[in-house]
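Down below is the structure, laid out as structure tokens.
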Amino acid sequence: MPPKSKVDLYAAIRRDSRAGLSNRALQHKYGVGFRTVQKALTLVWPEPRKKLPPRTTRLDPYKGLVDEMLRADLTAPRKQQHTAKRIFDRLVAEQGADDLTYGIVRAYVAERREEIRIAAGRGVAKVFVPQSHRPGSEAEVDFGDVTIRLAGEQVKCSLFSFRLSYSGKAVHRVSASGGQEAFFEGHVHALSVLGGVPTGKVRYDNLNSAVAQVLGFNRARVETERWTAFRSHFGIDVFYCRPGIEGAHEKGGVEGQIGYFRRNHFVPVPEVGSLAELNMMVDRWDEEDDARRIRSRPRTVGEYFAAERPLLKPLPTEPFETGRLFALRVDRYGQISVRTNHYSVPVRLIGRRVRVMLHASELVVYDDGVEVARHERLMTKAGSRLVLDHYLEALVRKPGALPGSTALEQARSAGKFTPVHDAWWAAACKAHGDRDGTRALIEVLLLGRHMPHEHLVAGLAAALRAGAMTSDAVALEARKAAEADDTPAPAVLPEGPEADRFGQPKVTSLTERRLAHLPPDTRPLPSVAVYDQLLRRRRLGGRPRPEGEEP
């Protein structure tokens, strides 16, 4: 194998020369010339490669003029300095540089402008100054984007991160959006996990959830009212970084933490059924990260945090409502509109105002203080989330609207309306007609408000096997499944039911079942013999009894 580098080549030539090979033999073996062999035998280290002279460009005759323009900008007003485009235009107009291109000028100006400023003492090279933090004093907060597969669909979520500066202990939370609700809930979760509040400043970006307006080029901010109430409740002392990329360097710890967490725990893209399931995984990952060391620190994150935790301020005893309350009117479709998305509520509330509590990953609807609906927040815009149960009262009167309803389509996609439902529905329509068969199905769906879904599916399967296309039969079989606590697979129809003497599937009579569960009646049978004595009494104050009339 030939040597990989010039150093290896020289070493091989010297080794073979000591073994007795001649100069000509070394040239032939390694394919080099006489001078190379001589250099290998005389020099300890190969000579450095000579730098080629810089290539000439069409801009070379004008570089001095460009430098003069950039030096003149040092004393010019900030808004009246040369841009690369202006320099290019001047060279073409004043010097006749028609052979130049804008790209050549722009690349040279981008490099020389900063060099001239530094040479004149106007600019400072970028430098990062190491910082030390006291235990329990400072923290940093930020949001990052993560992509997950939620219920088979790829969506983008927000990753909240709260990081203590001394120990590097970080707490994360995934939410459907990066709004104020997620901002508050992330704080509440992080502070409860950490067991306290930092005694010093917590560094933030200029998030819309906290900052309503940035005042000039200083640290003054106009805060949102809810954020002011929240941080005063927990006693958080804030520090707002500068806007833009420069401000990111002022909280580089949490910026790097989000990148580390995303690369190590969200690769490959996690597949979950709900955000609650994902956040349970995130909590476990946070605990596992306590065993890691940051760079060359002698102890782990968990060991540093154990010394930092007792120094945190205690949490307030009263809770803070992190959700946002809305008063919304239900439209004629039985829906409310929240942040461009639509969610269903029971149709009996159409035209009324309801109170909606919006959280980071769900929303809850109340009517007169009673919860009437709960939805997981949509991650898209102009979407809808409809629950079939909310429309059942209306569908009883309009059964023809069920087959093409959006709520039914979403129930099928979510697995709430199974193939067993479809099979029973088709059989009921065949037995009773489309209208009555659909109404029978709606009556079955109403049973779902009082019994578990799996028992109802089991009742549908049993009634379908027996050919009983009534809601009473489904209710009876569902109660039997509940008592036996036997939950068959909803997508497969069981086979082999008990048959009667005619070979037909046997269905328990509802009346016989009720009588079989009643206690024995030991009372005597009723008798009317006591009423016979009324026939023997004389009629008082009446007309005489006609002859032949029996008393």
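The values are calculated or read from the model by the stated rules, or taken from the named source; none is laboratory data. What you are looking at is a predicted structure, and each value in this text was computed from that prediction instead of being measured. Don't worry about glycine lacking a Cβ; one is built from the backbone with ideal geometry, like all the others, and counts go over all protein chains shown. With ligands, DNA and RNA removed, areas are computed over all heavy atoms of the protein, side chains included. Shrake-Rupley method; radii C 1.70, N 1.55, O 1.52, S 1.80 Å.
Sorted by accessible area (1.4 Å probe), largest first, how do Phe417, Phe217, Phe128 line up?
Values: Phe417 10, Phe217 215, Phe128 145 Å².
Result of the area sort, largest leading: Phe217, Phe128, Phe417.
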* Collect residues whose amide H, placed 1.01 Å from N in the peptide plane, falls under 5 Å from the amide H of Ser177; neighbours closer than 5 in sequence don't count. => Ser158
* Asked: What pairs in Lys313/Lys381; Lys169/Lys381; Lys381/Lys416 have C-alpha atoms more than 30 Å from each other?
  -> Lys313/Lys381; Lys169/Lys381
* Asked: How far is it, in nm, from the label point at Leu525 to the one at Ser22 when both lie 7 Å from their Cα along the line to the Cβ?
  -> 14.0
* Taking R0 as 41 Å, what's the FRET efficiency between Arg71 and Glu47 from their Cβ-Cβ distance, rounded to 0.05? -> 0.55
* Asked: Under 28 Å from the Cα of Lys29, which lysines turn up, not counting those fewer than eight places away in the same chain?
  -> Lys4, Lys6, Lys39, Lys50
* Structure fact -> For segment 1-156, the charge dipole (Cβ of Lys, Arg +1; Cβ of Asp, Glu -1; about the Cα centre) points to a positive end, and the Cα of His28, Thr56, Ala84 closest to that extreme belongs to His28
* Taking the Cα centre of the chain as the origin and placing charges on Cβ (Lys, Arg +1; Asp, Glu -1), which of Ala468, Ser232, Ile116 is farthest toward the positive end of the dipole? -> Ile116
* Anchor Lys63: lysines whose Cα lies under 16 Å away (excluding residues fewer than 8 positions away in-chain) -> Lys85
* Which distance in nm do the two modelled labels at Glu454 and Lys398 give, with both placed 7 Å along the Cα-to-Cβ direction? -> 3.6
* Calculated over segment 316-395: convex hull of Cα atoms, volume per residue (Å³) -> 101
* Mean shadow area of segment 1-149 over all directions, Cα convex hull, nm² -> 22.7
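Can you pull the Rg over Rh of segment 35-100, Cα-only, Kirkwood? Write out the running numbers ahead of the final one.
On the way: Rg = 21.9 Å, Rh = 15.7 Å.
The Rg/Rh ratio comes out at 1.39.
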* Tell me, what is the per residue accessible area of the chain in Å², probe radius 1.4 Å? -> 62
* Quick one: grab Rg to one decimal and Dmax as a whole number for segment 200-275, Cα atoms only, in Å. => 15.7, 46
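Give me the net charge of Thr224's neighbourhood, meaning all other residues with Cβ under 13 Å from the Cβ of Thr224; Lys, Arg count +1, Asp, Glu -1.
Working: positive: Arg221, Arg226, Arg231, Arg324; negative: Glu181, Glu223, Glu225.
Around Thr224, the charge tally is +1.
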* To do: Taking the Cβ of Ala291 as the centre, find all other residues whose Cβ is under 13 Å away and add up their charges (Lys, Arg: +1; Asp, Glu: -1).
  => 0
* State to the nearest 20 debye the size of the charge dipole of segment 237-337 about its Cα centre, where the only charges are +1 on K and R beta carbons and -1 on D and E beta carbons. => 260
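May I ask you to work out the translational diffusion coefficient for the chain at 10 °C, viscosity 1.306 mPa s, via Stokes-Einstein with Rh from the Kirkwood sum over Cα pairs, reported in whole µm²/s?
Rounded to a whole number, D works out at 48 µm²/s.
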* **Karplus-derived 3J(HN,Hα), 6.51/-1.76/1.60, for each residue of segment 278-292, Hz, glycine and proline x** => 5, 5, 5, 5, 5, 4, 5, 5, 4, 5, 5, 5, 5, 8, 8
* **Karplus 3J(HN,Hα) series, Hz, for segment 301-310 with 6.51 cos²θ - 1.76 cosθ + 1.60 (x for Gly, Pro)** => 4, x, 5, 5, 5, 4, 7, 8, 4, x
* Sequence-distant residues sharing a close amide H with Arg292 (under 5 Å, placed H) -> Val301, Gly302
* Probe 1.4 Å, all protein chains in place: accessible area of Tyr260 in Å², nearest 10? -> 60
* **Percentage relative contact order, the chain, counting C-alpha pairs under 8 Å, at least six apart** => 8
* Asked: Residue by residue through segment 73-83, which ³J(HN,Hα) values in whole Hz follow from phi under the Karplus form 6.51 cos²θ - 1.76 cosθ + 1.60 (θ = phi - 60°), with glycine and proline marked x?
  -> 5, 5, 10, 7, x, 4, 8, 10, 9, 5, 9
* To do: Compute the length gained on full extension between Ile104 and Asn206: take 0.36 nm times their separation in residues and subtract their Cα-Cα distance, giving the result in nm to one decimal.
  => 33.0 nm
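For the chain, give the percent of accessible area contributed by carbon and sulfur heavy atoms, probe 1.4 Å, rounded to a whole number.
Values: 18000 of 34120 Å².
The nonpolar share, carbon plus sulfur, comes to 53 percent.
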* Which percent of Cα-Cα pairs in segment 366-479 sits in each 10 Å bin, short to long? -> 14, 44, 30, 11, 2
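So if I place +1 on the C-beta of Lys and Arg and -1 on the C-beta of Asp and Glu, and nothing else carries charge, what would the dipole magnitude of the chain be about its Cα centre? I want it in debye, nearest 20. Please report the intermediate quantities before stating the final value.
Values: 85 positive and 68 negative charges, 515 e Å.
That gives a dipole near 2480 debye.
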* Solvent accessible area, Å² - Ile104, 1.4 Å probe, full protein context -> 50
* To do: Take every DSSP beta bridge whose two residues both sit in the chain, then give the antiparallel share in percent to the nearest 5.
  => 80
* Which Cα, out of Tyr391, Thr418, Val365, lies furthest along the positive dipole direction of segment 364-427 (beta carbon charges, K/R +1, D/E -1)? -> Thr418
* Three principal axis extents, largest first, for the C-alpha atoms of segment 120-168, in Å? -> 57, 36, 11
* To do: Would you tally the net charge around Pro3, using a Cβ to Cβ cut-off of less than 12 Å, leaving Pro3 out, and scoring K and R as +1, D and E as -1?
  => +3
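Sort Val32, Val211, Val44 by accessible area with a 1.4 Å probe, largest first. All intermediate terms of the calculation are to be shown ahead of the outcome.
Working: Val32 35, Val211 10, Val44 130 Å².
Result of the area sort, largest leading: Val44, Val32, Val211.
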* Asked: Between Asp472 and Ser413, what is the FRET efficiency for a Förster distance of 35 Å, r being their Cβ-Cβ separation, to the nearest 0.05?
  -> 0.70
* Asked: Sorted by accessible area with a 1.4 angstrom probe, largest first, how do Arg262, Arg134 fall?
  -> Arg134, Arg262
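Could you work out Rg/(2.2 N^0.38 Å) for segment 277-361, with Rg from alpha carbons only?
Numbers: Rg = 22.3 Å, N = 85, 2.2 N^0.38 = 11.9 Å.
Compactness ratio reported: 1.88.
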* For the chain, calculated [θ]222 nm from helices alone, where every DSSP H run of n ≥ 4 adds -39500 (n - 2.57) -> -11500 deg cm²/dmol
